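Undergrad: There's a structure below that I have some questions on.
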Amino acid sequence: MSTAWRLGLALPAMLGDREATWDDLRWATRVAEESGCDSVWYLDHFFLQRPGGRLGLQECLSVLTAIAAQTTRVRLGSLVCCQSFRHPGLLAKAAATIQEVAGGRFVLGLGAGWFEAEYREFGFPFDRRVARFEEYVTIVTALLRGDTVTHRGRFFTLEQARLTPPAPPTPVWLATARPRMNALLGRFGDGWNGAWYGEEVAAFRQRLSALQEEVARQGRDPATIEWSVGVLALPTATGTDSAAALAAARRAMPPFASLSDDALRQRIAVGPPEYLREVAERFAEAGARTVIFSFGATPFSLQEPALLAPTVAALAR
């Protein structure tokens with residue numbers, strides 16, 4: 001008997017070799033909503049660097065607000081909002097508004113940030129990001145709980161701040177990897193995402209086990225956290241071989257060119273929907289309650305748009 005899991009979709013910032021537009025995001029969301037997918041997720045960056053050059057992106061919270069207004073069933077979330085880009089009070093206020101529009105379907109994912117080039121270009125401080133994040137997540141979660149917050153810290157100051165109208169309940173997922181951040185997950189997080197993996201489950205299983213031990217050391221029951229995994233996948237049509245998909249991955253990511261097929265599959269799951277379901281079930285057995293697929297060789301990309309609808313529909317059954 002297979003382990004139950006929820007299907008998530010990473011909305012594409014890139015289709016093939018071009019930037020995704022709002023119309024592309026709206027289309028992918030509609031596919032997810034109509035096919036029975038549980039959740040859709042979008043990233044939070046000003047831009048990224050991909051092998052073909054600079055990749056421009058839509059603004060995360062604006063996209064999620066629009067999606068919230070145009071859907072009725074699918075969960076939606078940030079994977080993840082960068083704490084450096086917005087004051088914690090502003091982010092909490094925006095999250096509360098999106099939650100109101102979504103009718104309780106919004107998940108706020110938070111991270112400390114990592115892409116130094118966008119920090120440098122837009123003038124955000126790149127130093128002491130974990131220290132800043134400790135204050136940041138303390139403030140955001142308190143405001144979203146409905147607390148009145150007075151905070152005089154190293155980086156932020158709030159005086160009797162509260163959200164009005166009160167915020168609807170909003171789950172907060174934290175992106176963590178190292179002990180100091182993992183401890184914050186145990187204190188504040190409602191969920192966690194490990195990304196990105198291919199067909200190999202062992203590394204995820206080991207990482208999740210260590211993280212759950214750290215959460216337990218914080219006095220928290222790991223079962224109270226929604227554990228999720230991000231999986232890179234290249235779908236193929238049922239009955240076709242994977243050679244073309246593997247070749248597409250090598251074209252999309254030049255560093256993959258020297259990898260054997262087996263080594264490449266460790267990074268990207270390749271196959272028809274029924275095989276991708278097997279991959280998802282292996283991650284579910286390893287502890288992932290939600291499996292978020294990105295159907296391209298890089299996160300938040302979509303290599304073959306024509307395969308999105310049939311793949312999502314088959315996985316969501």
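The values are calculated or read from the model by the stated rules, or taken from the named source; none is laboratory data. The model shown is predicted, which means the values in this text are computed figures rather than measured ones. In this analysis, Cβ positions are derived from the backbone assuming ideal geometry, glycine residues included, and neighbour counts consider all displayed protein chains.
Undergrad: Suppose we filter region 255-277 for residues that are of a type in the set (D, E, K, R) and either part of a loop (DSSP other than H, G, I, E, B) or closer than 14 Å to residue 311 by Cβ (or both); how many remain? Steps first, answer last, please.
TA: Of the residues in region 255-277, the ones of a type in the set (D, E, K, R) are 261-262, 265, 267, 274, 277.
Applying the additional criterion that residues be either part of a loop (DSSP other than H, G, I, E, B) or closer than 14 Å to residue 311 by Cβ (or both) yields 274, 277.
Residues flagged as of a type in the set (D, E, K, R) and either part of a loop (DSSP other than H, G, I, E, B) or closer than 14 Å to residue 311 by Cβ (or both) within region 255-277 amount to 2.
Undergrad: Looking for whichever is within 19 Å of the chain's Cα centre (by Cα) and of a type in the set (Val, Ile, Thr) here; the options are 3, 29. Which one fits?
TA: Working: 3 fails: within 19 Å of the chain's Cα centre (by Cα).
Of the residues listed, the single one that is within 19 Å of the chain's Cα centre (by Cα) and of a type in the set (Val, Ile, Thr) is 29.
Undergrad: Whether any residue in region 89-102 is closer than 30 Å to residue 316 by Cα, touching a His at 6+ places or on another chain (Cβ under 9 Å) and either in contact (Cβ under 8 Å) with a residue 60 or more places away in the chain or in a loop (DSSP other than H, G, I, E, B) (or both) is what I want to check.
TA: Looking for residues that are closer than 30 Å to residue 316 by Cα, touching a His at 6+ places or on another chain (Cβ under 9 Å) and either in contact (Cβ under 8 Å) with a residue 60 or more places away in the chain or in a loop (DSSP other than H, G, I, E, B) (or both), one finds none in region 89-102, hence no.
Undergrad: Also, I was wondering about something else. Find the strands (runs of 3 or more DSSP E) located wholly in region 136-238 whose residues include 3 or more that are over 19 Å from the mean Cα position of the chain (by Cα) and aromatic (Phe, Trp, Tyr), and list them.
TA: Details: elements: 149-152, 157-161, 172-174, 191-197, 226-235.
Correct list: empty, since no element meets the threshold.
Undergrad: Taking region 283-314, which residues are more than 19 Å from the chain's Cα centre (by Cα) and either buried (at least 20 other Cβ atoms within 10 Å of the Cβ) or farther than 27 Å from residue 207 by Cα (or both)? Talk me through it step by step, then tell me what you get.
TA: Our first condition is that a residue be more than 19 Å from the chain's Cα centre (by Cα); within region 283-314, this holds for 285, 304-307, 309-311, 313-314.
Of everything in region 283-314, those that are more than 19 Å from the chain's Cα centre (by Cα) and either buried (at least 20 other Cβ atoms within 10 Å of the Cβ) or farther than 27 Å from residue 207 by Cα (or both) turn out to be 304, 305, 306, 307, 309, 310, 311, 313, 314.
Undergrad: Any idea which of (1) modelled with pLDDT under 95; (2) within 23 Å of the chain's Cα centre (by Cα); (3) among the charged types (D, E, K, R) is the one residue 250 doesn't satisfy?
TA: (2)
Undergrad: Of the residues that sit in region 213-242 and are under 19 Å from residue 310 (Cβ atoms) and small (Gly, Ala, Ser), which one is modelled with the highest pLDDT? Can you show your working first?
TA: Applying the first criterion (under 19 Å from residue 310 (Cβ atoms)) to region 213-242 yields 231-242.
Cutting the leftovers down to small (Gly, Ala, Ser) gives us 233, 237, 239, 242.
On the way: 233: 96, 237: 86, 239: 74, 242: 84.
Per the stated criteria, the residue is 233.
Undergrad: Let me ask you something else. Counting just the residues of region 239-254 that are assigned to a helix (DSSP H, G or I) and touching a residue at least 12 places away in the same chain (Cβ under 8 Å), which one comes out surrounded by the most Cβ atoms within 10 Å (Cβ to Cβ)? Spell out how you get there, then give the answer.
TA: Start the filter on region 239-254 by keeping residues that are assigned to a helix (DSSP H, G or I), which leaves 243-252, 254.
Of the ones still in play, those that are also touching a residue at least 12 places away in the same chain (Cβ under 8 Å) are 245-246, 248-250, 252, 254.
On the way: 245: 22, 246: 21, 248: 18, 249: 25, 250: 15, 252: 21, 254: 10.
Result: 249.
Undergrad: Of the conditions (1) assigned to a loop (DSSP other than H, G, I, E, B); (2) closer than 21 Å to residue 175 by Cβ, residue 67 clears all except one; give me its number.
TA: Only one criterion in (1) assigned to a loop (DSSP other than H, G, I, E, B); (2) closer than 21 Å to residue 175 by Cβ is unmet by residue 67, namely (1).
Undergrad: Here's another thing I want to ask about it. Can you name every residue in region 131-163 that is among the aliphatic types (A, V, I, L, M), over 14 Å from residue 80 (Cβ atoms) and surrounded by 15 or more Cβ atoms within 10 Å (Cβ to Cβ)?
TA: Matches in region 131-163: 139, 142, 143, 144, 149, 158, 161, 163.
Undergrad: Let me ask another. For region 103-135, how many residues are part of a loop (DSSP other than H, G, I, E, B), in contact (Cβ under 8 Å) with a residue 40 or more places away in the chain and farther than 20 Å from residue 178 by Cβ?
TA: 2
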